[in-house]
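Trainee: Mind having a look at this structure? Questions to follow.
The values are calculated or read from the model by the stated rules, or taken from the named source; none is laboratory data. All values reported here derive from a predicted model rather than from experimental measurement. Neighbour counts run over all protein chains shown; Cβ positions are idealised from the backbone, glycine included.
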Amino acid sequence: MRALAINDISCVGKCSLTVALPVLSACGATVDILPTALLSTHTGGFTGYTFLPLDGEMEKICRHWETLGLSYDVIVSGYLGSRAQIDFVKDVKRRFLKKDGVFVVDPVLGDNFTFYKGFDEGFAADMGSLCALADYILPNDTEAFLLTGERDPERALLRLSKLCPHPVITGADDADGYSLHYFDGGAHKLPLRKVEGSYHGAGDVFAAAFAGCIASGMSFRESLALTVEFCYRSILRTQKEVPDRRFGINYEKELSVLTDAFKES
Ligand code: PXL
């Protein structure tokens, strides 16, 4: 299975490409990367970080790849630094995704019901137009709200299902507790064990694991269950081991959840 991860390189903070590479690899994928920007750290809670957008370089990289005849079983996109990059990713899907390939979009917009630095409503609307081209979208509760205007996850899921056939809201509180919501023709709710606290990079770990599972031919439901198990264990470990949550999730010692599942495939 050949995967393309489109995301930034945050040198410190264990998110985006530095997570996508090991996690997709643990699912047995050959992983190529298309970096969207180079940052000294991610933007969540750090100040004074460097930010180099790679827009011009991305087109040059793709032109070279076309001479190699590359194509992908799965493309997974994450943090995009500008509205132009959102348009570019649409083009990358058209140029490089196999006919029966899977396009997974993590619409990275914000957390704790606020936008990440540099994003606004116009950016969210453009991200929605990228979601409309995806087979699976993986917003957190904040991103589901920013994309639909609905705070209630069940209503947000239904709105998202008009955009994309398989939306997943990766974790949201409602009257019944904390749950993942997904749609596969009907709406479903998967209760989650909540680990108290806020865990930067958890969404990126989730997106990479889910993309690896679904592209390996695992069913939607099984892919979610395995991804949830991997993320839960990693977050629990982080709660015990990492006092400063800006430094990401300690997922490394839990990669065996994925490697064991994909040993024979
Ligand atoms: O984890 C999402 C993410 C990815 N990349 C960058 C970010 C963030 C969230 O803050 O800043 C650069």
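Trainee: If you scan the stretch 236-261, which residues turn out to be part of a loop (DSSP other than H, G, I, E, B) and modelled with pLDDT of 95 or more?
Mentor: Listed by number, the residues that qualify are 244, 248, 249, 250, 251, 255.
Trainee: Still on this structure, please answer the following. So which pairs qualify, if the first residue must be in the stretch 5-18 and at positive phi and outside any strand (DSSP E or B), the second must be within 6 Å of the ligand (Cβ to nearest atom) and aromatic (Phe, Trp, Tyr), the Cβ gap must be under 6 Å, and the two must be at least 6 apart or on different chains?
Mentor: Here the result reads 16/79, each pair linking the stretch 5-18 to a residue that is within 6 Å of the ligand (Cβ to nearest atom) and aromatic (Phe, Trp, Tyr).
Trainee: Pick out the one residue from 204, 260, 173 that is touching a residue at least 24 places away in the same chain (Cβ under 8 Å) and surrounded by fewer than 14 Cβ atoms within 10 Å (Cβ to Cβ).
Mentor: Answer to the check: 173.
Trainee: If you check residue 8 against the conditions, is it within 11 Å of the ligand (Cβ to nearest atom), surrounded by 16 or more Cβ atoms within 10 Å (Cβ to Cβ) and of a type in the set (Asp, Glu)?
Mentor: yes
Trainee: Scanning for something in contact (Cβ under 8 Å) with a residue 40 or more places away in the chain and closer than 27 Å to residue 129 by Cβ, does the stretch 44-51 turn up at least one residue?
Mentor: Yes, the stretch 44-51 contains a residue that is in contact (Cβ under 8 Å) with a residue 40 or more places away in the chain and closer than 27 Å to residue 129 by Cβ.
Trainee: Which ones in the stretch 9-40 are in contact with a Cys (Cβ under 9 Å, 6 or more places away or on another chain) and under 14 Å from residue 200 (Cβ atoms)?
Mentor: Hits for the stretch 9-40 are 18, 39.
Trainee: To continue, here is another question. Filter the stretch 38-53 down to the residues that are within 9 Å of the ligand (Cβ to nearest atom) and part of a loop (DSSP other than H, G, I, E, B) and list them by number.
Mentor: Within the stretch 38-53, 42, 43, 44, 45, 46, 49 qualify.
Trainee: Sticking with this one: Please specify each residue of the stretch 19-33 satisfying the condition of being within 14 Å of the ligand (Cβ to nearest atom) and in a strand (DSSP E or B).
Mentor: The one that is within 14 Å of the ligand (Cβ to nearest atom) and in a strand (DSSP E or B): 33.
Trainee: Right, another one. Of all residues in the stretch 108-129 being of a type in the set (A, V, I, L, M), assigned to a helix (DSSP H, G or I) and within 15 Å of the ligand (Cβ to nearest atom), which is farthest from the chain's Cα centre (by Cα)?
Mentor: Among those residues, the one meeting the criterion is 124.
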